[in-house]
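The values are calculated or read from the model by the stated rules, or taken from the named source; none is laboratory data. Keep in mind that what you see is a predicted model, and the values were worked out from it rather than measured. Positions of Cβ are generated from backbone atoms using ideal geometry, with glycine treated the same way; all protein chains shown enter the neighbour counts. Each accessible area value is taken on the protein alone, full model and side chains, heavy atoms only, with ligands, DNA and RNA left out. Shrake-Rupley method; radii C 1.70, N 1.55, O 1.52, S 1.80 Å.
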Amino acid sequence: MKAAADDAGARAVSAPLKVLHAAAEVFPLVKTGGLADVVAALLPALARAGADARLLLPGLPAIADAVAHQRTVCEIGPVFGAARVTLRCGQLPFTHVPAYVIDAPYLYRRGGGPYEDAHGVEWPDNLQRFALLGWVAAHLAAGELDVAWAPDVLHAHDWHAALACAYMAAHPAGACRSIFTVHNLAFQGLFDLADFGLLGLPAAFRAPTGVEFHGQLSLMKAGLKFARRVTTVSPGYAREIATPEFGFGLDGVIRGRGTDVSGILNGVDRELWNPRTDTALAAHYDAEAPDGKLACKRALQAAAGLAPQADAPLFGLVSRLTAQKGVDLLLGALPALLRAGGQLLVLGSGERVLEEALQAAARAHPGRVAVRIGYDEAFAHRLIAGSDVILVPSRFEPCGLTQLYGLRYGTLPLVRRVGGLADTVVDASDTMGATGFVFDDATPVALADAVARAVASYRDEPAWRAMRRNAMAQDFSWDSAAQAYLALYAQAIAGG
Ligand code: ADP
Ligand code: GLC
């Protein structure tokens with residue numbers, strides 16, 4: 001162990017630490033949620049901190065067609081039903097992060113989303129599609145696919161890449177250590193246990209001590225069980241997932257990993273999310289010169305069809321519209337929000353009943369409630385800049401990024417006290433450093449109460465200005481997250 005620690009120390013001086021990230025999404029090529037933002041920002045931050053950080057991605061059309069300067073690394077024979085699989089390496093557009101792409105047209109080159117077809121139905125061959133991602137990651141990690149490069153650490157994200165940890169445990173080769181990050185325990189990658197044979201893992205892994213989970217096959221569990229270290233995206237969520245309330249049945253597995261599990265808070269991409277330079281905005285502003293924010297609000301009200309009332313507190317929501325995100329709580333609290341003189345603007349898509357209920361509310365309250373169903377990156381920036389309050393009333397939230405974007409844009413977050421939301425927002429009742437509004441119970445009444453408190457603060461201009469200044473002074477930087485990951489990598493290497 002001592003020798004390994006010394007090696008890690010020597011490496012820091014001599015050669016950069018080599019880390020391979022494996023993920024299914026990266027902004028702006030493929031994004032269904034915050035995972036894509038994290039992957040896009042974390043690798044450049046690791047590179048700034050001196051690491052040789054590379055990314056492995058499935059060759060979905062938006063990825064395979066956008067990665068620049070691709071060269072063939074190796075041809076991989078028929079595997080997981082694909083006749084031809086080729087590993088290529090190029091660079092991500094914009095950030096120039098080195099990216100390996102698994103070119104497997106049979107499994108990846110199709111329309112629709114990364115996990116579902118255009119109608120929202122999961123791809124029937126997702127097990128093969130994501131087994132391939134994990135398998136290639138593990139073989140790259142073992143130094144078997146790229147003669148010129150092998151990582152010291154493999155960092156797999158979410159269930160999509162989790163099998164890499166099981167393949168590495170099954171065939172330990174080389175000194176590479178695995179790290180697994182849980183971005184959302186609710187999405188577990190569950191499959192029919194009868195298909196276990198497709199994976200080519202040892203039969204012993206078919207057990208509850210392996211990837212079996214209540215009669216199913218769980219890819220999430222492959223990461224939780226077999227990674228050397230497990231992280232999640234906030235310290236709060238790291239504690240929560242060890243409890244039955246938030247553990248989705250995996251809390252026992254997580255408790256079993258003891259101190260191998262930790263939380264590292266996500267950051268904000270400070271170039272992409274900067275009210276001083278954001279090209280999507282009608283006007284620019286910052287903490288010293290906040291006036292442009294009002295111009296953003298007026299432009300947003302006009303674009304959304306809301307009444308042009310500068311003094312109506314504007315509540316915004318940018319979100320997947322699901323039960324996780326507490327959209328039903330918001331619908332329940334809407335009458336109180338309107339009674340208090342507020343306006344509501346929603347951008348999102350998701351569960352049909354929630355979309356329809358929001359649209360019905362917009363029809364019932366023209367000029368006061370507006371809803372845009374769909375996905376629109378530029379409008380998300382305008383909404384976050386132009387609103388007074390950004391709502392994140394989630395039932396659970398591993399980290400949450402929109403409250404961080406809100407803080408940076410001086411749009412005060414109103415959040416539930418869970419996971420990363422509790423870790424990043426300080427309630428107005430705190431006399432020092434308040435940045436937003438935090439409520440406890442997952443009920444419309446508790447949310448309505450927080451809305452009333454927000455409106456009262458909004459009417460108290462000096463107090464509001466002070467909170468906005470505090471919010472904009474927060475520094476959730478990717479550089480400190482990158483340092484925390486590097487420390488963890490060093491520990492994993494030293495710990496054997
Ligand atoms: P999650 O990953 O659980 O969906 P996060 O808050 O971590 O939640 O990340 C959501 C990301 O997706 C943010 O970048 C947010 O701005 C973005 N987003 C969510 N819905 C939309 C939408 N309809 N249009 C544009 N961006 C969206
Ligand atoms: C997940 C979580 C979200 C987190 C994001 C990025 O989608 O739901 O809370 O911010 O991953 O880590």
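The table below gives the values:
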item: Every residue from region 470-490 that is surrounded by fewer than 17 Cβ atoms within 10 Å (Cβ to Cβ), farther than 18 Å from Pro413 by Cβ and in contact (Cβ under 8 Å) with a residue 60 or more places away in the chain; result: Asp479, Ser480, Gln483, Ala484
item: Filter pass, Phe213 being within 23 Å of the chain's Cα centre (by Cα), under 30 Å from Asp37 (Cβ atoms) and assigned by TED's automatic domain parsing to the domain that holds Asp146; result: no
item: Members of region 133-154 that are out of contact with any Ser or Thr (no Cβ under 7 Å at 6 or more places or on another chain), crowded, with 24+ Cβ neighbours inside 10 Å and not in a helix (DSSP H, G or I); result: Pro151, Asp152, Val153
item: Matching residues in region 394-410 - criterion: being under 20 Å from Ala333 (Cβ atoms), in contact with a Phe, Trp or Tyr (Cβ under 8 Å, 6 or more places away or on another chain) and more than 10 Å from ligand 1 (Cβ to nearest atom); result: none
item: Among the residues listed as Val39, Val30, Val79, the single one being within 22 Å of Trp135 (Cβ to Cβ) and more than 16 Å from ligand 2 (Cβ to nearest atom); result: Val79
item: Cross-chain or 6+ apart pairs with Cβ under 9 Å, region 29-40 first and assigned by TED's automatic domain parsing to the domain that holds Pro114 and more than 7 Å from ligand 1 (Cβ to nearest atom), then modelled with pLDDT under 95 and of a type in the set (Phe, Trp, Tyr); result: Ala40/Phe94
item: Strands (runs of 3 or more DSSP E) enclosed by region 45-96 - at least 2 residues per element that are closer than 20 Å to Leu35 by Cβ; result: 52-58
item: Test for Ala118: is it in a loop (DSSP other than H, G, I, E, B) and either of a type in the set (Asp, Glu) or more than 16 Å from ligand 1 (Cβ to nearest atom) (or both); result: yes
item: Unmet criterion (only one of (1) among the basic types (Lys, Arg); (2) within 18 Å of the chain's Cα centre (by Cα); (3) away from ligand 2 (no atom under 15 Å from the Cβ)) for Arg395; result: (3)
item: Answer from Pro114, Pro124 - the residue that is within 29 Å of Ser349 (Cβ to Cβ) and touching a Ser or Thr at 6+ places or on another chain (Cβ under 9 Å); result: Pro114
item: Check on Ser319, farther than 16 Å from Val438 by Cβ, touching a Leu at 6+ places or on another chain (Cβ under 6 Å), within 16 Å of ligand 1 (Cβ to nearest atom) and not assigned by TED's automatic domain parsing to the domain that holds Gly120; result: no
item: Selection status of Arg382, at pLDDT 95 or above, under 21 Å from Ala40 (Cβ atoms) and either away from ligand 1 (no atom under 11 Å from the Cβ) or more than 18 Å from the chain's Cα centre (by Cα) (or both); result: yes
item: Enumeration of residues in region 116-132 that are small (Gly, Ala, Ser) and either outside the structural domain of Leu55 (by TED's automatic domain parsing) or surrounded by fewer than 21 Cβ atoms within 10 Å (Cβ to Cβ) (or both); result: Ala118, Gly120
item: Meets criteria (free of Cβ contacts under 8 Å to residues at least 60 places away in the same chain and touching a strand residue (DSSP E or B) at 6+ places or on another chain (Cβ under 9 Å)) for Phe196; result: yes
item: Helices (runs of 4 or more DSSP H) contained entirely in region 213-304, each with at least 3 residues that are buried (at least 21 other Cβ atoms within 10 Å of the Cβ) and away from ligand 2 (no atom under 16 Å from the Cβ); result: 219-226, 292-304
item: Any hit, region 52-60, residues being more than 30 Å from Gly200 (Cα to Cα), buried (at least 23 other Cβ atoms within 10 Å of the Cβ) and under 20 Å from the mean Cα position of the chain (by Cα); result: no
item: Hits in region 175-184 - residues which are out of contact with any strand residue (DSSP E or B) (no Cβ under 8 Å at 6 or more places or on another chain) and within 16 Å of ligand 1 (Cβ to nearest atom); result: Asn184
item: Matching entry among Ser457, Ser387 (being modelled with pLDDT of 95 or more, touching a helix residue (DSSP H, G or I) at 6+ places or on another chain (Cβ under 8 Å) and within 16 Å of ligand 1 (Cβ to nearest atom)); result: Ser387
item: Any hit, region 177-190, residues being among the aliphatic types (A, V, I, L, M), under 25 Å from Glu240 (Cβ atoms), in the same structural domain as Gly252 (by TED's automatic domain parsing) and away from ligand 2 (no atom under 16 Å from the Cβ); result: yes
item: Selection within region 82-115 - more than 28 Å from the chain's Cα centre (by Cα) and either exposed (fewer than 15 other Cβ atoms within 10 Å of the Cβ) or not assigned by TED's automatic domain parsing to the domain that holds Phe27 (or both); result: Ala83, Arg84
item: Hey, Val67 surrounded by 16 or more Cβ atoms within 10 Å (Cβ to Cβ), within 16 Å of ligand 2 (Cβ to nearest atom) and within 25 Å of Tyr106 (Cβ to Cβ) or not; result: no
item: Hits in region 168-210 (condition: open to solvent by 10 Å² or more (accessible area, probe 1.4 Å) and among the hydroxyl-bearing types (Ser, Thr, Tyr)); result: Thr209
item: Filter pass, Val353 being closer than 25 Å to Lys31 by Cα, free of Cβ contacts under 8 Å to residues at least 24 places away in the same chain and aliphatic (A, V, I, L, M); result: yes
